[in-house]
1. All but one of (1) closer than 28 Å to A:Thr183 by Cβ; (2) of a type in the set (A, V, I, L, M); (3) away from chain B (no Cβ under 14 Å) hold for A:Ala106; state the number of the condition that does not hold.
2. Only one of (1) in contact (Cβ under 8 Å) with a residue 12 or more places away in the chain; (2) over 26 Å from A:Ala117 (Cα atoms); (3) more than 14 Å from every other protein chain (Cβ to nearest Cβ) is not met by B:Gly63, so which one is it?
3. Among the numbered criteria (1) under 30 Å from B:Ser223 (Cα atoms); (2) open to solvent by 60 Å² or more (accessible area, probe 1.4 Å); (3) in a loop (DSSP other than H, G, I, E, B), which single criterion is violated by B:Cys135?
4. Just wondering, is there one or more residues in the range A:78-99 that are open to solvent by less than 30 Å² (accessible area, probe 1.4 Å) and modelled with pLDDT under 80?
5. Residues to consider are A:Thr183, A:Thr216; find the one that is at pLDDT below 85 and at negative phi.
6. Which pairs have Cβ atoms under 9 Å, sit 6 or more apart or on different chains, and link a residue in the range B:209-226 that is closer than 16 Å to B:Leu122 by Cα and of a type outside the set (S, T, N, Q) to one that is in a helix (DSSP H, G or I) and open to solvent by 60 Å² or more (accessible area, probe 1.4 Å)?
7. Do we have any residue at all in the range B:162-182 that's open to solvent by 50 Å² or more (accessible area, probe 1.4 Å), in contact (Cβ under 8 Å) with a residue 24 or more places away in the chain and either under 26 Å from the mean Cα position of the chain (by Cα) or in the same structural domain as B:Gly130 (by TED's automatic domain parsing) (or both)?
8. For the range A:30-48, which residues satisfy the criterion of being in contact (Cβ under 8 Å) with a residue 40 or more places away in the chain and open to solvent by 50 Å² or more (accessible area, probe 1.4 Å)?
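The values are calculated or read from the model by the stated rules, or taken from the named source; none is laboratory data. Please read these numbers as outputs of a predicted model, since none were measured by experiment. Quick reminder, even Gly has a Cβ in these numbers, built from the backbone with ideal geometry, and neighbours come from all protein chains shown. The protein model used for the area step is the full one, side chains on, heavy atoms only, and it has no ligands, DNA or RNA in it. Shrake-Rupley method; radii C 1.70, N 1.55, O 1.52, S 1.80 Å.
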Amino acid sequence: MRSVIVLVTVFVLLALVGPWLAPHDPTQINIPNRLSPPNAEWLLGTDALGRDILSRLLHGARWSLGLAFLISVIGLAIGTVIGLVAAQGGKIADWIVMRTTDTFLAFPDLVAAVVIAGVLGAGTGSLIFALTITGWMRYARVARGIGLSLLNRGYVVQARLAGLSPVAIARWHYLPSLLPSLTVVWTGMFARAILSISALGFLGFGVQPPMPEWGTMLLDARIHMRSTPLQMIWPGLAVVTCVLAINLTGDALRDSLAEADQR
Amino acid sequence: MIKLVASLVLRASVVLTGTALATFALLWNAPGDPALAIALARYNAVVPVEVIDQVRAEAGLDGGFWSAFSGWITPLILGDLGQSSVTGRDVWPELVTAMSYTFPLALAGLLVGIAISVPLALLATQRPGGWLDRCAVALASIGAAIPAYWLGLLLILLFAVQLGWLPAMGARTPAHMLLPALTLGLGVAASLTRILRSGILEARGQHFLPAFRRRGVAASDISRHHVAPHVAVPVVTVFGLELAFLLEGAVMVEVIFSRPGLGSFLVSAIEARDFPKVQAVVILSAVLFVTINLLIDLLYRALDPRIGERDA
């Protein structure tokens, strides 16, 4: 567990300070030096346009992790509000919200995200929109489920009888009970967002060149697989290590919550 | 029972209508003039305004959102997906061709996933916490973190480029299926192993099992009659999720291996802004999904009668 926390911390630090650690400009094209193997100057070699792969990886951390963080937090906020509205708003509101949630769950996330990002035109804005709109439903379900189970608890009923507004009840009575479970869902969605961002990048619908994003880097590297296979290893390795570290953190969090519940 | 089926079917049709509406609204609000896009795709040159207006009228785009929506949804309910806005040919036969590539791939991926995960989960749960168990859990965690597109590229690198054993691109021979199916199947295996393992462990931990054992019931009978039924419910749940994963996995895998199928169909339709084709894929996947979830809901109740009692 400790090693996982260290790993996550390292990634967060890399995403924050990575750009200053990068030895070269990630978008600096240097054709004479293209597809250079790793050496003292270019630690991981250069890509097809002679750009430094290490620098692109370090800058890419900000795109991949930063965007995934942003997307999962927006989803968390939207989903929680929608879930709490469903829990508190009575039967009709609940029915409408739950059928809407089912509708959005009715296609595979990635297919929907590809369609939305592709139709709106490739770019960071459509990427964020596509992944947010396909990523709020799990939070909503969890928030609604826990919210419904609290609806008739003594302290909630009393707060309602005391004339507290639904918003205040949501803020002071629901949110504290929701946070642990929502955090676990959030770690899972954060990891998924990293995978989806790079998948969209790989399909050409995500972050646009020359910006370095790990999926886009893989797309570039794929063409030169035969001559420089190593170029393809690094971005993939970065994605896998990040996702693995976040997933393991989520697992550990869930286990400790389950333990706390039993006590 | 009839009431239950009716309410589930009603729910499914509400969801499908919502999906159709959401898809159509997205494409309606897409940047750019759809009539201009169709005219450009059809005539591939600068087109005068009259031609664009004619195309707009032909495609039923001149009457506003609701008239265009009903012009699309009415034939759709009768099973007509319309014509490609680029080639003018019917979408349905092309969609069937695409499916005839994607479904065998998804099935092969599922089989690979089952062939790996079932023995692995059974071996791992022989001694929970043992080295084999910990290896299986570690493999499953890593497998869940590897994106299909990277795994596919690594497999191509190893088996097609370095060793030269298997073909990587296209779908000409059955051998072309091996690497894509393996890519898809390894991803399925990772999540299936996790669920099977925890399902088996949970089912084994039930309080009444020691009583059977002491009464002298054979171990094989206990696992068949008392452990297996309890594993079935989580496995069915995951199967539903796996089918989702298979569909989106197949889309990625087809692009990596340059295979024809729904993935390439969808990506090329988006790039050509051929919206009838895009709509067809979205509606198809929604129908598949909703139907599968409906079946799973019913299957649950057959497998575990307690579920029906809790929420009817």
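1. Answer for A:Ala106: the failing condition is (3).
2. (1)
3. Here B:Cys135 clears every test but (3).
4. Within the range A:78-99, not a single residue is open to solvent by less than 30 Å² (accessible area, probe 1.4 Å) and modelled with pLDDT under 80.
5. Among A:Thr183, A:Thr216, only A:Thr216 is at pLDDT below 85 and at negative phi.
6. So the pair list comes out as B:Ala219/B:Arg213; B:Ile222/B:Arg213.
7. Scanning the range B:162-182 turns up at least one residue that is open to solvent by 50 Å² or more (accessible area, probe 1.4 Å), in contact (Cβ under 8 Å) with a residue 24 or more places away in the chain and either under 26 Å from the mean Cα position of the chain (by Cα) or in the same structural domain as B:Gly130 (by TED's automatic domain parsing) (or both).
8. Within the range A:30-48, A:Pro37, A:Pro38 qualify.
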